[in-house]
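Undergrad: Starting off with a structure, shown below.
The values are calculated or read from the model by the stated rules, or taken from the named source; none is laboratory data. Bear in mind that the values here come from a model prediction, so they are computed numbers and not experimental data. Reconstructed Cβ throughout: ideal geometry from the backbone, glycine too, with neighbour counts over all protein chains shown. Keep in mind that these areas ignore ligands, DNA and RNA; they rest on the heavy atoms of the full protein, side chains included. Shrake-Rupley method; radii C 1.70, N 1.55, O 1.52, S 1.80 Å.
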Amino acid sequence: MVCERILGSLKELDCTGKSVEYVEIEWHEAFKKIHRKMTDKGREVGIRMDDSVLSRGLVQDDVIYLDQDTVIAVSTPPCEILEITLKEGHERMAAKVCYEIGNRHAPLFWGDGDSFITVFNEPMLAMLQKLHGVTVEKKTAKLDFDKRISASIHNHHH
């Protein structure tokens, strides 16, 4: 089975009486056009998206297949993240935090409240911990692509 477009989301489409299968798309795969995956029920799925996925991405609950009996939707599993908050009186460090994360081509998201989120890696954690007035906490969470700040997200590392 080949899935070639996003048909909507589970919230938008009527999936009553249909079996819903999920295909896991990791955060770093969300903006790739071609995938070969297995659903959580063991069905092999080929995914071949158009160029729109390069900027939009595949996100949680996107429906990529729908027939009378079956729905195949995207699931983005939790990953290790860094939640960055600024101590009171150090709000201007937001520019430094965003610059340093962007300079490393890492994805950047709004967190809850006044925090920022980026994907965990040791060098990023070490760099952020050195910034005065910045608190960094390593957590596991699902990335919310509706809260992304970066224009695009790529699996690019230095």
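Undergrad: Of the cross-linked pairs 11/41; 33/96; 33/147; 41/147, which ones have a Cα-Cα span greater than 26 Å in the structure shown?
TA: In this structure, 33/96; 41/147 lie more than 26 Å apart at Cα.
Undergrad: Using Cα pairs closer than 8 Å and at least 6 residues apart in sequence, work out the relative contact order for the chain, in percent.
TA: Relative contact order of the chain: 24 percent.
Undergrad: Here is a follow-up. Mind checking the per residue accessible area of region 78-158 for me, 1.4 Å probe, whole number of Å²?
TA: 61 Å²
Undergrad: Using a cut-off of 15 Å between beta-carbons, work out the net charge of the residues near residue 4 (Lys and Arg +1, Asp and Glu -1, residue 4 not included).
TA: Computed value for this residue: +3.
Undergrad: Separate question: Would you mind checking the tilt of helix 93-103 against the longest principal axis of the Cα atoms of the chain, expressed as 0 to 90 degrees and rounded to 10?
TA: 50 degrees
Undergrad: I'd like the accessible area for residue 2: 1.4 Å probe, protein heavy atoms, all chains in place, Å² to the nearest 10.
TA: Residue 2 has an accessible surface of roughly 80 Å² with all protein chains in place.
Undergrad: Assign one of three labels to region 1-63, namely rounded, prolate or oblate, based on the Cα gyration tensor with a ≥ b ≥ c the square roots of its eigenvalues; rounded applies when a/c is under 1.5, prolate when it is not and a/b is larger than b/c, and oblate otherwise.
TA: Since a/c reaches 1.5 but b/c is at least a/b, the shape of region 1-63 is classed as oblate.
Undergrad: Assuming R0 = 25 Å, can you tell me the calculated FRET efficiency for the pair residue 121 and residue 99, based on Cβ-Cβ distance, to the nearest 0.05?
TA: So, using R0 = 25 Å, E works out to roughly 0.90.
Undergrad: Another one. Taking R0 as 30 Å, what's the FRET efficiency between residue 80 and residue 43 from their Cβ-Cβ distance, rounded to 0.05?
TA: 0.60
Undergrad: Note the direction-averaged projected area, equal to a quarter of the hull surface, for the Cα convex hull of region 7-105, in nm².
TA: 8.8 nm²
Undergrad: For region 31-158, with only Lys/Arg (+1) and Asp/Glu (-1) charged at the beta-carbon, what is the dipole magnitude about the Cα centre, in debye rounded to 20?
TA: Value, rounded to 20: 440 debye.
Undergrad: Something else about it: By per-residue mean of other Cβ atoms within 10 Å, what is the highest-first order of 23-36, 131-144?
TA: By packing density, highest mean first, the sequence is 23-36, 131-144.
Undergrad: What is the local net charge at residue 93, summed over the other residues whose Cβ is closer than 14 Å to its Cβ (Lys, Arg +1; Asp, Glu -1)?
TA: Around residue 93, the surrounding residues sum to 0.
Undergrad: Oh, and also: Looking at the chain only, what percent of DSSP beta bridges run antiparallel? Nearest 5 please.
TA: So the antiparallel bridges in the chain amount to around 75 percent.
Undergrad: Whole-Hz Karplus ³J(HN,Hα) for region 31-45, in order, using 6.51 cos²θ - 1.76 cosθ + 1.60 and θ = phi - 60°, x for Gly and Pro?
TA: Result, rounded to whole Hz: 10, 9, 7, 10, 9, 10, 9, 10, 6, 5, 9, x, 8, 7, 9.
Undergrad: Leaving out ligands, DNA and RNA, and with a 1.4 Å probe, what % of the accessible surface on the chain is carbon or sulfur?
TA: Using a 1.4 Å probe with all protein chains present, the chain comes out at 49 percent carbon and sulfur.
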